[in-house]
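The structure appears below as structure tokens.
The values are calculated or read from the model by the stated rules, or taken from the named source; none is laboratory data. The structure presented is a predicted model; accordingly, all values stated were derived computationally and were not measured. When we count neighbours, we look across all protein chains shown, and the Cβ atoms used for this are built from the backbone with ideal geometry, even at glycine.
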Amino acid sequence: MRNTVKIQILSLLVLALFLPWQAIAQDFDLKAYRLRFKLETTKNADGSRTLDASFVGQNKKDRKDRLPVHQAEVVFLNTHEDEEVELGKVNTDETGTAQLTLPSDQNYLTDEEGYIEFVARFEGTKEIKKKEADLKVKDLFLEIQAEEIDSVKTVVVRAFALDSTNQRVPQDDVDLRISVRGMLSDFIVEEGSTEDGIFEIEFPDDIPGDVNGDFTMVAFVEGSDDYGNVEYTLDSDWGVFDDVPQKEKNELWTEVAPMWMYVILTIMLVGVWANYLYTIINIRKIKRLGS
Amino acid sequence: MTTSSSKQIDPAFLKSIEGKQSLSKIWVGSLIILLVLGLVALVYQIVKGHEVTGMRDNVVWGVYIINFIFFVGLSYSGAFISGILHFFETPWKNAVMRIVEIVTVLSLVVGPIFILLCIGRLDRLHYLFIYPRIQSPITWDVIAIITDLIGCFIYLYLTFIPDFAILRDKEDLEVSDKRKNIYRFLAMNYQDTPEQRAILKKITRTMSAMIIAMAIVAYTVLAWIFSLTLQPGWNSTIFAPYFIIAGLYSGVGFIIICMYLVRKYMHLEHYIRKIHFVGAGIVLLVMSLLFGYFTFSEYFQRWFSHKIHDMNLLDTLFDEYFLEFVLANYIGVLVPVVILFFKRLRTIKSITFAAVIAVLGLWLNRYLIVVPTLETPYLPIQDTRPEFLHYTATWVEWALTLAGVAGFCLMFTLLLRFVPAIPISEMMEGQNKKNNGHRAKKADS
């Protein structure tokens, strides 16, 4: 029994060695930080909506020193005048972000102009005061139409909102960009604004796709004061299939040298070392002849 | 049949081997002091790191590399000269042959040590062999040096065999039994029989041809380490032949100096005569003219083409390194040319003086090839502290340089206590031929 306790204590001590000492030793003076609480919304391609609340402290003297507020409970609300509907509660992660995704069929309270008001609220603790951020956005719909008109690949993006009778209302001057989804980042094809709710571009015909020539086209409105972030995607087969790169040849800059180098080097070394061997054999012959 | 025990050997050859010649204790002591100083510097460098040298981010090569090129150049030129002397059976080869061979091998032993001093992470040295890149001139150089070193050792040994046999068979040779046993072992039962002589002659001749080729290949590869980069001052199509000529220039000069010292301190005036100095001096004259021609071509082309980075380099050379430039490329070429060109000036001392000037000039020329180029890079570095931009060798580097030179001199001195400075067998063969010729003439008359 005593041995078990000893082993447990020793194990804990060993484990403690692996703990980052900063986790214990580092002490933050919150007064040195200005806490920033921000709210953003993104309407996703499938119609769902994501609410992102960012809770980060920024050093007053050193703007590069940012301190995320971890595990802070954020309440997301949909408000209209005095009415509040709680959408959900999420704790901030290690980056200080609390994210809530609402389904595409979520009903929202809206004002007369169709704006939805979101509020993110942190109720506060002993150390940190209550924080609140709000945001008003209109529910924007995007639609991508990709077709070849007179052998010209044309992409038309329609931006509209719905009125109370669910009728489409085209939205003008919506700044958006059309891009192609990539593995690390999107490749921007064109940027511009809608006119009469339409943004039309001639799509290039040399965009690489996957092995089947497919790629995902993205229409994106970023950081709009009226709409927030809005994304819409469309799978397309307009991509060009890039051949799988050929196996590298033997070159100066590749891992394996040009073949002629191996041949020349081998011939030279074999020639020289064979002569050494021949000399040594003859030295032994001299020795034999003398004995 | 014995080689020579019954034959007469000039006691002058054997004096140093028998330890009768006064091997100046001051000389050996001074060399050992320099070696110890170098050892202290080496330990200091290993403990403190390369920070104790003048090498920094820009100038990553300093006097270590210069010494390496210099010594390896001596070796390759020695191999070249030795091969030529042997292959073409030059009449006066006997007087200088042994000195050339010893210089060849010893400088090839000392030279690469400077590379090891230059490497920051010696613990990764074996990576060169584990992960070689056949495309890299560094790999070629490693292969070339190792192959050449072994070739030179074999060649040197072949030329020593008859002398080892003579020393083995000389019963009245006053050396220890242990030393005699070593001679017996190294002589390989050589009895100078016609068969043995024929075999030895054949393989020595083949090896002499081989080391001429290897010297050219190996020194070309060393030149390519520089010229295959795009650095101003290095990227030149004539760099390989330029290096070979420069190596031969310094090599011939160094051999003349060694001849002078051996002649003077081993009392071999009867064997190493003025005619040998004049012959070597004329070779030095030809080499100095060729070296001057290559140097002029190299700098003139850069000056005329007026490319920005080449001009920056020339500005550095003519501004910060003007004195060194004049000493290396004017004094180092013109003084030997003037001394050696006029017959009246060709005395043993003046030829040796010309050789000293040539060797020092060549070392300085190497310095001007390596350092100013690294001080004028294509892109300026961010940290522009003066000590990062400009190179000055520290006491550690000088101490290790002197230790390298001392090591060479000590090995040279000790080796001449083990083998004769002049090949006895060759001298005796020459004497026999002469005697036979006289006898034949008498018989005819």
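Quick notes on this structure:
- Scanning the stretch B:195-210 for residues that are at the interface with chain A (Cβ under 10 Å from one of its Cβ atoms) and either crowded, with 21+ Cβ neighbours inside 10 Å or touching a residue at least 24 places away in the same chain (Cβ under 8 Å) (or both) yields a total of 7.
- For the stretch A:227-263, a residue qualifies if it is loosely packed, with under 15 Cβ neighbours inside 10 Å and more than 14 Å from every other protein chain (Cβ to nearest Cβ), and the qualifying residues are A:ASP235, A:ASP237, A:VAL240, A:PHE241, A:ASP242, A:ASP243, A:VAL244, A:PRO245, A:GLN246, A:LYS247.
- Test: B:ILE225 is modelled with pLDDT of 90 or more, under 26 Å from the mean Cα position of the chain (by Cα) and closer than 30 Å to B:ILE424 by Cα: no
- Residue that is modelled with the lowest pLDDT [pool: residues in the stretch A:7-50 that are in contact with a Leu (Cβ under 9 Å, 6 or more places away or on another chain) and assigned to a loop (DSSP other than H, G, I, E, B)]: A:PHE28
Yes/no per residue for (1) acidic (Asp, Glu); (2) touching a strand residue (DSSP E or B) at 6+ places or on another chain (Cβ under 6 Å); (3) buried (at least 17 other Cβ atoms within 10 Å of the Cβ):
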position	(1), (2), (3)
A:ARG36	no, yes, no
A:VAL56	no, yes, yes
A:VAL75	no, yes, yes
A:GLY88	no, yes, no
A:ALA120	no, yes, yes
A:LYS126	no, no, no
A:LEU142	no, yes, yes
A:GLN145	no, yes, no
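- Considering residues of the stretch B:211-248 that are in a helix (DSSP H, G or I) and of a type in the set (S, T, N, Q) only, the residue farthest from the other protein chains (Cβ to nearest Cβ): B:SER227
- Checking the stated criteria, B:VAL96 turns out to be assigned to a helix (DSSP H, G or I), among the β-branched types (Val, Ile, Thr), closer than 30 Å to B:LYS15 by Cβ and in contact with a Leu (Cβ under 8 Å, 6 or more places away or on another chain).
- You will find that of B:ASP163, B:ASP169, B:ASP148, the residue that is away from every other protein chain (no Cβ under 14 Å), surrounded by 19 or more Cβ atoms within 10 Å (Cβ to Cβ) and either touching a residue at least 12 places away in the same chain (Cβ under 8 Å) or in contact with a helix residue (DSSP H, G or I) (Cβ under 8 Å, 6 or more places away or on another chain) (or both) is B:ASP163 and no other.
- Some residue of the stretch B:40-53 being touching a residue at least 40 places away in the same chain (Cβ under 8 Å), in contact with a helix residue (DSSP H, G or I) (Cβ under 6 Å, 6 or more places away or on another chain), part of a helix (DSSP H, G or I) and buried (at least 23 other Cβ atoms within 10 Å of the Cβ): yes
- Taking the listed residues B:ILE33, B:ILE102, B:ILE69, the one that is over 30 Å from B:GLU426 (Cβ atoms) and within 22 Å of the chain's Cα centre (by Cα) is B:ILE69, with no other qualifying.
- Here is the figure for the stretch B:172-194: residues that are among the small types (Gly, Ala, Ser) and either away from every other protein chain (no Cβ under 11 Å) or surrounded by fewer than 17 Cβ atoms within 10 Å (Cβ to Cβ) (or both) total 1.
- All conditions but one from (1) surrounded by fewer than 17 Cβ atoms within 10 Å (Cβ to Cβ); (2) in contact (Cβ under 8 Å) with a residue 40 or more places away in the chain; (3) of a type in the set (A, V, I, L, M) apply to B:LEU261; the one that does not is (2).
- Taken together, A:ASP150, A:ASP172, A:ASP196 contain a single residue that is on the phi > 0 side of the Ramachandran plot and touching a strand residue (DSSP E or B) at 6+ places or on another chain (Cβ under 9 Å), which is A:ASP196.
- The lone exception for B:ILE134 - which of (1) surrounded by fewer than 21 Cβ atoms within 10 Å (Cβ to Cβ); (2) within 28 Å of A:LYS287 (Cα to Cα) it fails: (2)
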